[in-house]
Amino acid sequence: MNISDQEIKQLEDVASQVRRDIVRMVHSATCGHPGGSLGCTDYLVALYFKLMNRKPGFDMDGIGEDLFFLSNGHVSPLFYSILSRSGYFPTSEMPGFRKLGSILQGHPTTHVPGVRMASGSLGQGLSVAIGAALTKKYNNDPSIVFSLHGDGELQEGQNWEAALFAPHHKVDNLIACIDYNGQQIDGPTEKIMSLGNLKAKFEAFNWEVIEEPKGNDMRSVVEVILKAKALTGKGRPVCILLTTQMGYGIDFMMGSHKWHGVAPNDEQLALALAQLPETLGDY
Amino acid sequence: MKKYTFTEKKDTRSGFGAGLAELGKTNPNVIALCADLIGSLKMEAFIKECPDRFIQCGIAEANMMSVAAGLTIGGKIPFTGTFANFSTGRVYDQIRQSIAYSEKNVKICASHAGITLGEDGATHQILEDIGLMKMLPGMTVINTCDYNQTKAATIAIADYQGPVYLRFGRPVMPIFTDPDQKFEVGKAWMVNEGKDVTIVATGHLVWEAIKAGEQLEAMGIDAEIINIHTIKPLDSEAILKSVAKTRCIVSCEEHNRLGGLGDSIAQLLIQNDLVPMEYIAINDVFGESGTPADLMKKFGLDDLHIVEAAKKVIGRKG
């Protein structure tokens, strides 16, 4: 698949709007998780606006379409913006983020159109995605299941149960992406609980592993997803180690764990929005 | 007292195995998962019938529960099988977030529940599982009493939309329920109509309650015995109707007295019709190794203890 420069530019424009949505939602709620949300924006934009095979509307069973599972549920503002901007629910829901009576809970729930599994308590999404991928096989459905995980989240042991399970059962219709930003709430991952050589670890578990060091460059992101798709159906699950920067797109938030779970104040919001062109119209 | 006899004894887990095997033949959406306990859960017949619909998960229950949740997306009906301890306490957060809160149609099938797990001892004898499961919004909780009822319940829950916790056990017990029964989730079974005291029992305690009823009859006490197999949703109507007549009640379960069937009944009575009540349950302690029969006796769960509780609660009537 050839992706033109114009198409890449269009995806970058979507990403800019999604980032505006993220900081505006978190600012309005006065809490939430902007850092990781901004860091994996490009990946989810590439998936939902270009590379996932999605059906119009929302059906929980998702038969005959690609599925996405968010395991690191705290990047909910990103997920909600993506789902809303791709048509699952009106953008007018976004001001309700984290507020009483809103469908947009602090962490994703299945009451939101487009969300197939609650997440927030970490480490469960890989197993869930594997289950959904197995059902695709039972249903002779050739679609792909995508999942996204934080790197700090890999400290949860259940991931490694799932990592053993997927190759053993030849779950080769699964692309799990690790948001490899090297940060977690208490500081750099290397300092808190080192993950060591993640590539070697997943390879030792018999996964196909692709590294992408430029996880915030849209063309690189698109290309790594295409490469991962080409590796499906060959008997092994696929893992993308996507190096991103927490807080990407806003200079004072980039590359630090300090914006993992902190909302910008009015002044910081203005500084942030000045760096992100409004491309699709604010909600 | 209605006469209950039996010609055969079997374990309730074998009833699960038989029900699952039946589903293997009749329901193509049923998928069975197990965490390295095929023999203990009696899953061999299902695996023989439909090997492609069995998923061995290894000793990794957390992953199994979340995989089961994912399997429902696309219409499959997963039945997970492991010991009750590893079906609940070990994987509570997975069940809470990925199954209960996410409203997934997973059937959590748990063997070796309660004190009658026996010789393996307290590490494996979970006595808190009913409480853990019934506290989850939307979770249906079922505890069956014999082989036939367990088989019927296993088949019935495949057609019952929503998460279900099905609890059964290890020891052989008399088979005394109808082999052709239709299991109705949430509907109490009237074991014996009586007028002096209501005895509500679940799981292995139902047979003990029947034996107690016979002894009470010899003492001139007419006991009404009700089997609550579905602890949640509770058949409130059946219980309230019975206590309106008997004016006292004994609850019987193989579970900690904190958080089990008895507490559900007590809550119902407090809000509707406050009559004297006694608990037959484990008194907030861990279990220990021993034969199932010796443990039932030591921990106060046998027929003799039910008789004493019935006499006591009748004495408390105003």
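Neighbouring Cβ atoms from other chains, within 10 Å of the Cβ of residues in B:71-84, number 5 on average. Remark: the protein assembly as shown carries 37 Å² of accessible area per residue (probe radius 1.4 Å; ligands, DNA and RNA excluded). Across region B:122-134, rounded Karplus estimates of 3J(HN,Hα) from the backbone phi angles (6.51 cos²θ - 1.76 cosθ + 1.60, θ = phi - 60°) give 5, 4, 9, 8, 6, 10, 10, 5, 4, x, 4, 6, 6 Hz, Gly and Pro being marked x.
Per-peptide packing, taken as the mean over residues of other Cβ atoms within 10 Å, places B:222-233, A:102-113 in the sequence B:222-233, A:102-113 from highest down.
Taking label positions 7 Å along the Cα-Cβ direction at both residue B:8 and residue B:311, the computed distance is 3.7 nm, reported to one decimal. For region A:222-283, the set of GluC sites (Glu not before Pro) satisfying both a DSSP loop assignment and a count of at most 14 other C-beta atoms within 10 Å is given as A:278.
Taking the 1.4 Å solvent-accessible surface of chain A as the whole, the part contributed by carbon and sulfur is 51%. Name the residues of region A:99-135, by number, that are at least 50 Å² less accessible with every protein chain in place than in the isolated chain; the surface is that of heavy atoms, probe 1.4 Å, without ligands or nucleic acids. Residues passing the criterion (a loss of at least 50 Å², heavy atoms only) are A:117, A:118, A:124, A:135. Take each residue in B:28-35, count the other chain C-beta atoms within 10 Å of its C-beta, and the mean is 1.
Both numbers refer to the Cα atoms of region B:10-174; Rg and Dmax are 14.0, 41 Å. Computed over chain A, the percent of Cα pairs more than 36 Å apart is 9. GNM remark for chain B: springs join alpha carbons under 10 Å apart, and the peak mean-square fluctuation among B:187, B:107, B:241 falls on B:241. Comparing Cα centroids, region B:159-228 and region A:221-275 end up 57 angstrom apart. Couplings 3J(HN,Hα) for region A:176-181, derived from phi with the Karplus relation 6.51 cos²θ - 1.76 cosθ + 1.60 (θ = phi - 60°), are 9, 10, 9, 7, 8, 9 Hz, where x marks Gly and Pro.
The portion of the accessible surface of region B:189-315 made up by carbon and sulfur, rounded to a whole percent, is 53 (1.4 Å probe; DNA, RNA and ligands excluded).
If both residues of a DSSP beta bridge must be in region B:10-174, then about 10% of such bridges are antiparallel. For the chain pair A and B, the buried solvent-accessible surface (1.4 Å probe, both sides summed) amounts to about 2300 Å². Dividing the helix sum by the residues of chain B, where each DSSP H run of 4 or more adds -39500 (n - 2.57), gives a mean residue ellipticity at 222 nm of -10500 deg cm²/dmol.
Bridge orientation summary for the protein assembly as shown: considering DSSP beta bridges with both residues in this region, about 15 percent are antiparallel.
The calculated FRET efficiency for residue B:48 paired with residue A:206, based on their beta-carbon distance and R0 = 35 Å, is about 0.75.
Contact residues in region B:99-148 by the 10 Å² criterion (accessible area, 1.4 Å probe, full protein complex versus chain alone): B:101, B:102, B:103, B:104.
For chain B, the longest principal axis of the C-alpha atoms and the axis of helix B:12-26 are separated by about 50°.
Measuring with a 1.4 angstrom probe and ignoring ligands and nucleic acids, residue B:247 comes out at about 90 Å² accessible. The antiparallel fraction among DSSP beta bridges confined to region A:5-274 stands at about 10%.
Using a probe of 1.4 Å, the accessible surface attributed to residue A:138 totals some 70 Å² when neighbouring protein chains are kept in position. Report summary: the helix-based calculation at 222 nm, which adds -39500 (n - 2.57) for every DSSP H run with n ≥ 4 and divides by the residues of chain A, gives -11000 deg cm²/dmol. Each of the peptides B:112-125, A:50-63 was scored by the mean count of other Cβ atoms within 10 Å over its residues; in descending order, highest first, they stand as B:112-125, A:50-63. Neighbours of residue A:76, meaning other residues whose beta-carbon lies under 15 angstrom from its beta-carbon, give a summed charge of +2 when Lys and Arg score +1 and Asp and Glu score -1. About its Cα centre, the protein assembly as shown has a charge dipole of approximately 620 debye under the convention of +1 per Lys or Arg Cβ and -1 per Asp or Glu Cβ, with nothing else charged.
Note on residue A:168 and residue B:304: their simple-model spin labels are 4.7 nm apart, each label 7 Å out from Cα toward Cβ.
Once the other residues with Cβ under 14 Å from the Cβ of residue B:46 are scored (Lys, Arg +1; Asp, Glu -1), what is the net sum? Around residue B:46, the surrounding residues sum to +3.
Using equal-weight Cα scatterers in the Debye expression, the normalised intensity of the protein assembly as shown in log10 at q = 0.08 Å⁻¹ is -0.62.
The values are calculated or read from the model by the stated rules, or taken from the named source; none is laboratory data. None of the values given here were measured: they were computed from a predicted structure. Note: ideal-geometry Cβ built from the backbone for every residue, glycine included; neighbour counts use all protein chains shown. SASA here: full protein model, heavy atoms, side chains in, ligands and nucleic acids out. Shrake-Rupley method; radii C 1.70, N 1.55, O 1.52, S 1.80 Å.
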